Each structure stands twice: as C-alpha cells, then as structure tokens.
Amino acid sequence: MVNEICVHIMDIVANSLTAEAKNICIFITRDNKKNFLSMKIVDDGKGMSEEMAKKVVDPFFSTKTGKKTGLGVPLLKGTAEHCGGNFYLKSKVRKGTEIYSSFVLNHPDLPLLGNIKETILVSVISNPEVDFKFHYTINGNRFILDTKEIKAQLGDVPINHPEIIKFLRIYLDENL
Amino acid sequence: MAKLTIEDLRKIKEKVHAETSLRDGAWRVKVTVHMGTCGIVSGAREVMSALIQEIEEAGVTDVMVTTSGCMGLCSREPLVTVEAMEQEPIKYEYMNANKMRQVFKRHILQGEVQTPFVLAKGAEIIK
Ligand SMILES: Nc1ncnc2c1ncn2[C@@H]1O[C@H](COP(=O)(O)OP(=O)(O)OP(=O)(O)O)[C@@H](O)[C@H]1O
Ligand SMILES: [Mg+2]
C-alpha cells in the first residue's frame, strides 16, 4: 500500500500530465466532524474510452486491445475502498478524466496525508506550462491556489523562477 | 508582517525585471526528474523538493526544472537528467535528496559531473 495520500495525488497528477492535460484541478476536502476525507482530480487531457477506463480501474479486467496498464489507479481505488470510502473514475476521449476517492478519516489503515504544501509546490514548479487549481477545504475553510491567477500577475516571469518559488512557499505556509 | 497576497506578485515581478534586464534570461541548465509511479514511490518527490530548495537558496535564475514520466528503468529510479548548454545530457541514477544537493552544488553550479552516480552520458548507458 502507498504510505501517503500525497503519493496517490502525485500518481494521479502524473497520469494527467502524461495524458497531456493543460488544466488540472485538485479538490481536497477534509471534515473532522464528519470524519471524512475526499479528493477529486479533474483534467482536460486526452481521456480514455469506456473499455480502457474499465481496464485501468481493474487491471485484471481483460480486453483484446492488450495495452499494459499500471498500478497508480488501482492502488488509489484499493486504498479508498479499504478505508471505508468510495472511488470512481469518469473519462471521455478528448475531453478529460475525473478521479474521485474518499476515505474515513480515522480509519486505522488510512495512510498519512503527507506534505500537501510540498506536493502542490513541486507540481506547479515542475510543470510551468500546465495550469493547476487547488481547492483545499478543511472543516469548511477553503483555500484556493490558481496558477492562472498567479501567471496573470507574473506576465513574462516564469512561475518556476526562484523568486516566485520563494513567494509560493511562503504563501502556502501562511495559508495551509 | 501582513500575509502575502497574489497582488504582491506584481512587486516581485518588477524586482525580477530590474535584476534580469542585463541578462539574456535563457536557461543555462535544464534538470529533469523522472516521475513515473515507480519514481515517485522511490522518492522522486523528495529529490525534486531538494532541487527546488537548492535553487531557492542559491538564488540562481538560469536553472529550469521539469519532470517527465517513467523511463522504463524503474529499478534505477529515481533518475535525474542534467542538460547543461553545449554539453551532452548526463543521467543520474538512484538519486535521493542528498545526492541531488551534491549534483546541484558540484555539477549544476560548478560543472563537475558527479561520476559515481552517473548512469548514462548522452544516449549511451555506461554501466
Ligand atoms: N488522467 C488520465 N487521462 C488519460 N488516461 C489515463 C489517465 N489516468 C490513467 N490513464 C490511463 O490508464 C493507464 C493506467 O494508469 P496507472 O496510473 O494505473 O498506470 P500507468 O500510469 O500506466 O503506470 P504507473 O504504474 O507507472 O502509474 C495509463 O497508462 C493511461 O493509459
Ligand atoms: Mg500512472
């Protein structure tokens, strides 16, 4: 099992990047009272056919196309279902993909959340040509980081410029 | 001190413009961290974090970081490729945060290839 929820996020985001997404939205909601954690990642990448989507979710589901699939998606599904939550994957060819998972927050086997700030920073800095939108809601308080908004301020200064990296680190520290 | 806001970026932008107006602004070195699932699980994120921290600390503005997917060399991950201008790309294997810091300080800043970690030069695998 993957030892951090953040690793799952990186995994799913890596898939979106491979699928040539230009926009990736990440929604994380955590509610201590409801004992609930959810995560939804939506991209506008090349998407998957219905058959492919089935195969990706269940690597033992066999189709004749024979494309080899990996473990990123089934691992996340496994963690969600094992930890009392739900999972779904919706995808449309040339439209994009949406992957949702939820978890019971105090489930004994729930992996640690991991370093969300670092995960966001690394994703944004290392993919300057992709736009990310993070919605992070903790007990009803919402924080949004939208790289489109940031880039609009930056003009020709790249988002992975050291001064901007420094800004982003402080900004995330102050808000998360 | 007041919290930073998105609007503060405009001031930072002006500062960056003022400081870089004399340079050509081109990237001198491109560093790629390979992040397939195997790469992430084996610590590619820590490698990327270390690299970003080094860049921040050194304040260099001509090093670009990017990521790419798995290269099919999972057993040697995390892998990092360093491409300096007018030099053949160097691929490092089995990277971790400390090795990344060393490669940053010695190779990226000073131009000394860190031979013990090298998997390949150019297209050629040397081990
Ligand atoms: N967001 C996405 N958009 C389009 N295709 C996707 C997306 N996510 C997954 N896929 C498809 O599903 C396949 C399986 O994904 P999964 O993450 O499980 O394994 P993988 O990326 O192939 O390998 P790895 O184990 O290295 O992650 C991918 O190869 C890709 O074809
Ligand atoms: Mg994957």
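The values are calculated or read from the model by the stated rules, or taken from the named source; none is laboratory data. Bear in mind the structure is a predicted one, so any value in this text is a computation, not a measurement. No Cβ is skipped: glycine too gets one built from the backbone with ideal geometry, and neighbour counts run over all protein chains shown. Just the protein is used for accessible areas: all its heavy atoms, side chains included, with ligands, DNA and RNA removed. Shrake-Rupley method; radii C 1.70, N 1.55, O 1.52, S 1.80 Å.
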**Request:** Pick out the one residue from A:LYS133, A:LYS151 that is among the charged types (D, E, K, R), more than 8 Å from chain B (Cβ to nearest Cβ) and closer than 24 Å to A:ASN86 by Cβ.
**Result:** A:LYS133
**Complete:** Checked the stretch B:97-122 for anything assigned to a strand (DSSP E or B) and crowded, with 17+ Cβ neighbours inside 10 Å; matches are B:VAL118, B:LEU119, B:ALA120
**Prompt:** Which condition number in (1) touching a residue at least 12 places away in the same chain (Cβ under 8 Å); (2) surrounded by fewer than 20 Cβ atoms within 10 Å (Cβ to Cβ); (3) among the hydrophobic types (A, V, I, L, M, F, W, C) is the one that A:PHE132 fails?
**Reply:** (2)
**Item:** Restricting the stretch A:144-161 to residues that are out of contact with any Pro (no Cβ under 9 Å at 6 or more places or on another chain) and hydrophobic (A, V, I, L, M, F, W, C), the residue that is most open to solvent (accessible area, probe 1.4 Å)
**Value:** A:ALA152
**Residue check for A:ASN141: more than 14 Å from every other protein chain (Cβ to nearest Cβ), touching a helix residue (DSSP H, G or I) at 6+ places or on another chain (Cβ under 7 Å) and open to solvent by 10 Å² or more (accessible area, probe 1.4 Å)** = no
**Request:** Working carefully through the options A:LYS54, A:LYS46, find the one that is part of a helix (DSSP H, G or I), among the basic types (Lys, Arg) and either at pLDDT below 95 or within 21 Å of A:LYS133 (Cβ to Cβ) (or both).
**Result:** A:LYS54
